[in-house]
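Trainee: Let me begin by handing over the structure; questions about it come next.
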Amino acid sequence: MELRQLRYFVRIVELGAMSRAAAELDMVQSALSQQISRLESELSTRLLQRTPRGVLPTEAGMAFFREAKLTLRHAEQAVRAAQAARLSGSVSVGLAPTTAAVLGLPLMQAMRERYPDVRLHLVEGMSGHLAAQLKARELDLAVLFDPQAGQGGPVPGDRLMDRQPLFTEDIFLVTQARRRRRKRLALADLDDEPLILPTHPHGLRLTLDAAFARAGIRPQVVMEVDSLSMVMAAVDAGLGSSLQPYAAVHGVPDAQQRLRLSLIDDAQVRRTNLLCSLSEDELSPAALATRVVVVDCVKRLIGGGAWTGTRLWSPDRLHKD
């Protein structure tokens with residue numbers, strides 16, 4: 001049973017006609033009738049009787065009408081109470097540049113909609129730097145990269161922090177559009193590829209170095225750049241290629257015309273993203289609420305197909321892929 005069904009039923013009884021209620025509720029009459037039929041089926045009793053002059057509540061319907069109105073009043077009071085005591089304060093969230101390119105704006109919009117009195121402080125930085133800020137209690141939470149998530153290895157931050165695996169990202173070789181590359185490449189195909197990569201504190205670099213070491217490949221790193229925009233500019237200028245998730249080109253103008261992406265077809269060359277935060281007893285109510293919003297935004301973006309090359313984290317999938 002849903003509150004909207006109670007509202008529909010109450011309005012039908014008050015107006016005495018299904019058609020008038022449907023018009024006022026801006027619904028198709030058949031849809032409104034279907035909702036009432038579902039309600040009656042759930043209650044296993046007839047609530048309304050049809051007459052030539054409209055509809056009238058049955059004896060059970062009249063009893064239900066009184067209780068439904070009371071329930072709706074209580075629901076309205078609950079809404080007012082929640083709004084009067086809504087969350088306030090501030091919360092600081094760290095996002096890596098590629099994560100911020102996709103998640104940043106939806107997170108800001110969701111926080112403004114759900115918690116307008118909470119002041120959101122977004123910090124964009126390399127994953128290694130964000131981990132240090134989180135450990136120093138300069139951030140409340142951050143989305144960080146874990147090169148060994150699900151494999152028994154260490155994770156960013158310290159042992160007192162809460163960590164929640166969020167999603168994994170495919171990695172692509174990003175080159176100039178004029179260069180001809182297959183849509184899928186093996187790691188061995190990059191043996192002599194001139195690469196522009198971030199430096200070692202960066203989570204992506206750790207993931208890539210571990211993958212290259214397992215494959216027995218010594219990558220040809222021609223530049224180390226800790227700025228996503230500069231990496232993309234260097235690739236666009238033909239100075240080398242880069243290994244990045246799809247989100248790296250999310251904010252590049254005319255990316256499809258200027259850049260070419262080839263999927264690295266290797267289950268070991270994927271990036272796992274963790275939602276890391278201070279321990280729950282250190283987090284304010286605003287920070288706890290923001291943590292839920294981050295998860296909701298990630299699920300909505302991935303579920304809606306807005307985050308290419310990304311899938312929600314699953315321990316089962318680590319072994320299947």
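The values are calculated or read from the model by the stated rules, or taken from the named source; none is laboratory data. All values derive from a computational prediction rather than experimental measurement. Virtual Cβ from ideal backbone geometry, glycine too; neighbours counted across all protein chains shown.
Trainee: Just for region 91-140: of the residues that are out of contact with any Lys or Arg (no Cβ under 8 Å at 6 or more places or on another chain) and among the hydroxyl-bearing types (Ser, Thr, Tyr), which one is nearest to Ala286 (Cα to Cα)?
Mentor: Ser92
Trainee: Please work out if Gln133 is under 28 Å from Arg4 (Cα atoms) and either hydroxyl-bearing (Ser, Thr, Tyr) or assigned to a helix (DSSP H, G or I) (or both).
Mentor: Criteria not met by Gln133.
Trainee: In addition: Could you check how many residues of region 278-310 are part of a loop (DSSP other than H, G, I, E, B) and over 18 Å from the mean Cα position of the chain (by Cα)?
Mentor: 7
Residue-by-condition table, conditions (1) farther than 21 Å from Leu70 by Cα; (2) buried (at least 18 other Cβ atoms within 10 Å of the Cβ); (3) over 41 Å from the mean Cα position of the chain (by Cα):
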position	(1), (2), (3)
Glu14	no, no, yes
Ala23	yes, no, no
Met27	yes, no, no
Glu42	no, no, no
Leu47	no, yes, yes
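Trainee: Restricting to region 246-277, what's the tally of residues that are of a type in the set (A, V, I, L, M, F, W, C), in contact (Cβ under 8 Å) with a residue 40 or more places away in the chain, surrounded by fewer than 20 Cβ atoms within 10 Å (Cβ to Cβ) and assigned to a loop (DSSP other than H, G, I, E, B)?
Mentor: Total satisfying the criteria: 1.
Trainee: Does region 104-141 hold any residues that are closer than 16 Å to Leu274 by Cβ and without any contact (Cβ under 8 Å) to a residue 12 or more places away in the chain, and which are they?
Mentor: Ala132
Trainee: Taking only pairs six or more apart or across chains, which ones have beta-carbon atoms under 7 Å, a first residue in region 23-50 that is under 11 Å from Gln5 (Cα atoms), and a second residue that is loosely packed, with under 12 Cβ neighbours inside 10 Å?
Mentor: From region 23-50, the pairs are Leu39/Met1.
Trainee: Under the condition of being out of contact with any Leu (no Cβ under 7 Å at 6 or more places or on another chain) and surrounded by 11 or more Cβ atoms within 10 Å (Cβ to Cβ), which residue from region 77-95 is modelled with the highest pLDDT?
Mentor: So the residue we want is Ser90.
Let's see how each residue does on (1) within 30 Å of Val295 (Cβ to Cβ); (2) in the same structural domain as Gly125 (by TED's automatic domain parsing); (3) in contact with a strand residue (DSSP E or B) (Cβ under 8 Å, 6 or more places away or on another chain):
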| residue | (1), (2), (3) |
| --- | --- |
| Arg181 | no, no, yes |
| His200 | yes, no, no |
| Met232 | yes, no, yes |
| His250 | yes, no, no |
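Trainee: Return the pairs, sorted by first residue and then second, in which the second residue is assigned to a strand (DSSP E or B) and surrounded by 23 or more Cβ atoms within 10 Å (Cβ to Cβ), the first residue lies in region 88-99 and is free of Cβ contacts under 8 Å to residues at least 40 places away in the same chain, the beta carbons are less than 8 Å apart, and the residues are 6+ apart or on different chains.
Mentor: none
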